[in-house]
Structure formats: structure tokens, C-alpha cells
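A.B. asks: Please read through the structure below; I'll follow up with questions.
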Amino acid sequence: DQQVKQNSPSLSVQEGRISILNCDYTNSMFDYFLWYKKYPAEGPTFLISISSIKDKNEDGRFTVFLNKSAKHLSLHIVPSQPGDSAVYFCAAKLTSGTYKYIFGTGTRLKVLA
Amino acid sequence: DAGITQSPRYKITETGRQVTLMCHQTWSHSYMFWYRQDLGHGLRLIYYSAAADITDKGEVPDGYVVSRSKTENFPLTLESATRSQTSVYFCASSEDETQYFGPGTRLTVL
């Protein structure tokens with residue numbers, strides 16, 4: 001059973017517009033969430049995080065929103081740039097005291113110039 | 001160089017052979033992790049380690065063995081490789097909520 005879901009395998013956005021990547025989860029015991037960006041032939045790179053005690057976190061062009069009641073988080077990229085074209089993974093951690101994460105299946109973002 | 005490295009970057013082996021993938025980190029992070037990435041599955045945790053000599057299973061541990069005799073190294077061994085273990089393997093380390101990944105090893109089992 002997939003506890004962390006990214007239901008859109010791919011997304012195309014025009015340069016300069018907003019990219020919105022979505023992630024849904026089923027376990028209310030997740031207390032911390034991460035977003036990673038992955039380019040081909042490279043390892044995932046940490047992008048931004050959010051704790052379950054917050055509903056928003058910003059870092060430059062990247063903002064993550066958390067809706068706990070809906071068990072939904074989203075990553076907003078504004079403005080989108082061609083260099084943002086990559087696969088994006090969301091990941092969720094249980095409140096178990098360890099740093100184990102469950103990852104979603106990823107969304108491939110293509111930013112069109 | 002500082003960071004997390006994996007070797008080899010590419011490996012081709014045959015069914016039934018033993019293969020060891022290496023992971024080395026220079027940050028002295030307590031936690032280390034092994035994931036595999038497969039199409040349609042994202043990243044799945046194979047094993048993780050909270051400290052030297054402490055390891056535990058993740059979501060997909062069958063067919064894999066790990067050890068952690070030193071904090072900086074976390075090798076992953078496929079004792080008898082199978083075609084279903086063809087994948088890209090990522091090692092990661094952390095000291096808090098953020099995990100840092102290595103560049104990956106692409107393993108092909110023929």
C-alpha cells in the first residue's frame with residue numbers, strides 16, 4: 001500500500017509560470033516532510049522541508065504547503081525556470097524517533113523555454 | 001573530497017554472483033541508508049543504520065545484507081544477485097531530518 005503518493009507522473013509548465021507539484025499521504029503519524037529534486041544520472045538533492053507543526057515554508061522560489069486535514073502537501077515553484085526540469089520526490093517521516101522516510105514515486109517536471 | 005560517494009558507479013553482473021556496493025561519507029553522520037530506485041516505485045528503503053554496528057531492515061530487505069563496522073562506511077551486499085535486483089541504488093546519510101544522497105550505482109544483473 002503506497003503511503004505517499006504523487007499522482008501526476010509528469011507536468012509541463014511554461015518558463016516564468018508557476019509549477020505546482022502535489023503529494024498525498026495516508027498516515028496521520030507522519031511528522032516531517034521533504035522535497036527532493038533529481039537530475040538524470042545524479043543523486044536526489046534536498047530542496048525544502050516542512051514540519052507537521054507548520055502549514056507553509058518558503059525558500060526563495062520554492063514554497064511548500066501542508067494541509068494536514070487533507071493529508072496533502074504541495075510544492076510551488078515561482079517563477080519556473082528551464083533548470084528546474086527534473087524529477088521531484090516528496091518524502092514523509094513517521095514520528096518513530098528514527099529518520100526513516102517513505103518516498104513518493106516522483107513527478108517529472110518539464111519547464112518549457 | 002567531502003561528501004558522500006558511491007562505488008562503483010556502474011556494475012554489470014550475472015545471476016547468482018555476489019556483488020558489493022560501497023558507500024562512504026565524510027560528515028561523520030550517524031544515520032546511513034540504502035535505497036533502490038525503480039520505475040513506478042520511486043525510492044524504496046532497503047536497509048538503514050543508526051550508528052556503527054546498528055542496522056535495521058527497510059521496506060525491501062530480502063536478498064540484501066549490510067554491515068557498518070565504521071561510521072563512515074555502509075556497504076550493501078547482494079549475496080546471490082537476481083534479475084529483479086537490476087536497479088539504481090542510492091546511499092544517503094543524515095544527522096537530522098535531512099538526508100543527503102550519493103550519486104548512485106546503476107546495477108544490471110544479466
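The values are calculated or read from the model by the stated rules, or taken from the named source; none is laboratory data. Bear in mind the structure is a predicted one, so any value in this text is a computation, not a measurement. Glycine gets a Cβ as well: all are built from the backbone with ideal geometry, and neighbour counts include every protein chain shown. These accessible areas exclude ligands, DNA and RNA; they are computed on the full protein's heavy atoms, side chains included. Shrake-Rupley method; radii C 1.70, N 1.55, O 1.52, S 1.80 Å.
A.B. asks: Does B:Ser28 qualify as being in a loop (DSSP other than H, G, I, E, B) and either touching a residue at least 24 places away in the same chain (Cβ under 8 Å) or under 13 Å from the mean Cα position of the chain (by Cα) (or both)?
C.D. replies: yes
A.B. asks: A:Lys68: closer than 25 Å to B:Ser93 by Cβ and open to solvent by 60 Å² or more (accessible area, probe 1.4 Å), yes or no? Talk me through it step by step, then tell me what you get.
C.D. replies: Numbers: closer than 25 Å to B:Ser93 by Cβ: no; open to solvent by 60 Å² or more (accessible area, probe 1.4 Å): yes.
It is false that A:Lys68 is closer than 25 Å to B:Ser93 by Cβ and open to solvent by 60 Å² or more (accessible area, probe 1.4 Å).
A.B. asks: Additional query: List the number of the failed condition for B:Thr15; all other conditions in (1) in contact with a Leu (Cβ under 8 Å, 6 or more places away or on another chain); (2) of a type outside the set (Asp, Glu); (3) free of Cβ contacts under 8 Å to residues at least 12 places away in the same chain hold.
C.D. replies: If we test B:Thr15 against (1) in contact with a Leu (Cβ under 8 Å, 6 or more places away or on another chain); (2) of a type outside the set (Asp, Glu); (3) free of Cβ contacts under 8 Å to residues at least 12 places away in the same chain, just (3) comes out false.
A.B. asks: Determine whether segment B:47-59 contains at least one residue that is more than 12 Å from every other protein chain (Cβ to nearest Cβ) and under 20 Å from B:Thr13 (Cα atoms).
C.D. replies: Among the residues of segment B:47-59, not one is more than 12 Å from every other protein chain (Cβ to nearest Cβ) and under 20 Å from B:Thr13 (Cα atoms), which makes the answer no.
A.B. asks: Select, from A:Asp24, A:Asp31, the only residue that is under 12 Å from the mean Cα position of the chain (by Cα), part of a strand (DSSP E or B), surrounded by fewer than 19 Cβ atoms within 10 Å (Cβ to Cβ) and of a type in the set (Asp, Glu).
C.D. replies: Details: A:Asp31 fails: under 12 Å from the mean Cα position of the chain (by Cα).
Just one listed residue meets the conditions, A:Asp24.
A.B. asks: Open to solvent by 40 Å² or more (accessible area, probe 1.4 Å), farther than 28 Å from A:Gly104 by Cβ and either within 14 Å of chain A (Cβ to nearest Cβ) or at pLDDT 95 or above (or both): does that describe B:Gly40?
C.D. replies: For B:Gly40, the condition - open to solvent by 40 Å² or more (accessible area, probe 1.4 Å), farther than 28 Å from A:Gly104 by Cβ and either within 14 Å of chain A (Cβ to nearest Cβ) or at pLDDT 95 or above (or both) - is not met.
A.B. asks: Looking at segment A:34-62, which of the residues that are within 9 Å of chain B (Cβ to nearest Cβ), in a strand (DSSP E or B) and within 20 Å of A:Leu11 (Cβ to Cβ) is most open to solvent (accessible area, probe 1.4 Å)?
C.D. replies: By that ranking, first place goes to A:Thr45.
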